[in-house]
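What follows is a short report on a single structure.
The values are calculated or read from the model by the stated rules, or taken from the named source; none is laboratory data. Given the structure is predicted, the values throughout are model-derived calculations rather than measurements. So basically every Cβ, Gly included, is an ideal-geometry build from the backbone, and we count neighbours across all protein chains shown. Each accessible area value is taken on the protein alone, full model and side chains, heavy atoms only, with ligands, DNA and RNA left out. Shrake-Rupley method; radii C 1.70, N 1.55, O 1.52, S 1.80 Å.
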Amino acid sequence: MIAVKNLVKDYQDDDSTTRALAGVSFEIKKGEFVAVMGPSGSGKSTLLHILSFLDRPSGGAYTFLGKSINELSDTELAHIRNKEMGFVFQAFNLLSRSSVYENIELPLLYSEVAASRRQELVRKAAASVDLEEKLSTEAGRLSGGQKQRVAIARALVNDPNIIFADEPTGNLDSKSGAQVMEILKELNDSGRTIILVTHETYTAEFAKRLIRLKDGLVEADQTPKNRREATADFFK
């Protein structure tokens, strides 16, 4: 599904250049659950932005579903992003005065889905996160855990191939965070590809593969064969 080779990202500031990614290479297959970890400044957020078409690399190659992003226009990337990708963010990014229904529906308004089918898709997405009875509630009245579940439903409503989760438990208590991660795990078990950026070990433990970044490079890429026996080495 995803292949990056010698991926480089530079940021220019006046006369200085900061290298956020210094030559990252890996592949991610359909159906994987990958956690990306690393200290602050390691490049994990930059990597997520590039993988999700929110930014372009300065160098190297990135192929998504067999297509090189260098050959695609911004309009084409936006179309693929809306159709193939779902997003869950730490800050939820909900419209607080809009209903749960309206927040979940939002991606459909930018797609070719007929109005007659939108209601069915919204209700299906809400049911997947156990929010059917909250559809008419203003998003701003929800708890943090409920808000993140709305964000997951919104990410699912277009039936994407891949979900990008950027610190999805960062603003949640441990109980709500665990509930959100259980939902992501269930989505992965049903065949969704999940790419998770996190600094929390307990969150990353839900993943089946860990890519650890340091100074813009892949320091480790681990897939334990036996989770119980390998947990200590996987997250040390």
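Within the chain, what whole-number % of the accessible surface is contributed by carbon and sulfur, with the 1.4 Å probe and all protein chains included in the calculation? Roughly 45 percent of what the probe reaches on the chain is carbon or sulfur.
Label-to-label distance, K67 versus N6, with points set 7 angstrom from Cα along the beta-carbon direction: 2.5 nm. Per the Cα gyration tensor, the stretch 24-66 maps to an equivalent ellipsoid with semi-axes of 17, 15, 9 Å, ordered largest to smallest. Normalised by the number of residues in the stretch 34-146, the average gap of Cα pairs under 8 Å and 6 or more apart makes the relative contact order 23 percent. Placing dummy labels 7 Å off each Cα toward the beta-carbon, the span from T201 to K124 is 4.0 nm. Rolled with a 1.4 Å probe across the full set of protein chains, the surface gives F87 an accessible area near 40 Å². Going by Cα centres, the stretch 162-194 and the stretch 32-91 are how many Å apart? If we compute the Cα centre of each part, the gap is 18 Å. Placing R0 at 35 angstrom, the Cβ-Cβ distance between S58 and T137 gives a FRET efficiency of 0.20 after rounding to 0.05.
Relative contact order of the chain: 28 percent, from C-alpha pairs under 8 Å at least 6 residues apart in sequence. Across the stretch 157-199, the residues whose backbone nitrogen lies under 16 Å from the label position 7 Å along the beta-carbon direction of S111 are 157-164, 192-193. The 1.4 Å probe gives accessible areas that order T18, T46, largest first, as T18, T46. Using the empirical formula 2.2 N^0.38 Å as the baseline, the Cα radius of gyration of the chain reaches a ratio of 1.02. Pairs exceeding a 19 Å alpha-carbon distance, out of K5/K44; K30/K83; K185/K208; K29/K175; K9/K208: K29/K175; K9/K208. Each label point was placed 7 Å from the Cα along the Cα-to-Cβ direction; for T75 and L217 their separation is 4.2 nm.
The slack between D189 and D14, meaning 0.36 nm per residue of separation minus the straight C-alpha distance, is 58.3 nm. Average accessible surface for the chain: 51 Å² per residue, computed with a 1.4 Å probe over protein heavy atoms with every protein chain in place. Over all other residues within a Cβ to Cβ distance under 14 Å of V180, the charged ones net out to -3, with Lys and Arg as +1 and Asp and Glu as -1. In straight-distance terms, cross-link reach from K134 covers every one of the lysines whose alpha-carbon lies under 16 Å from its own, apart from those fewer than eight places away in the same chain; here that gives K124, K147.
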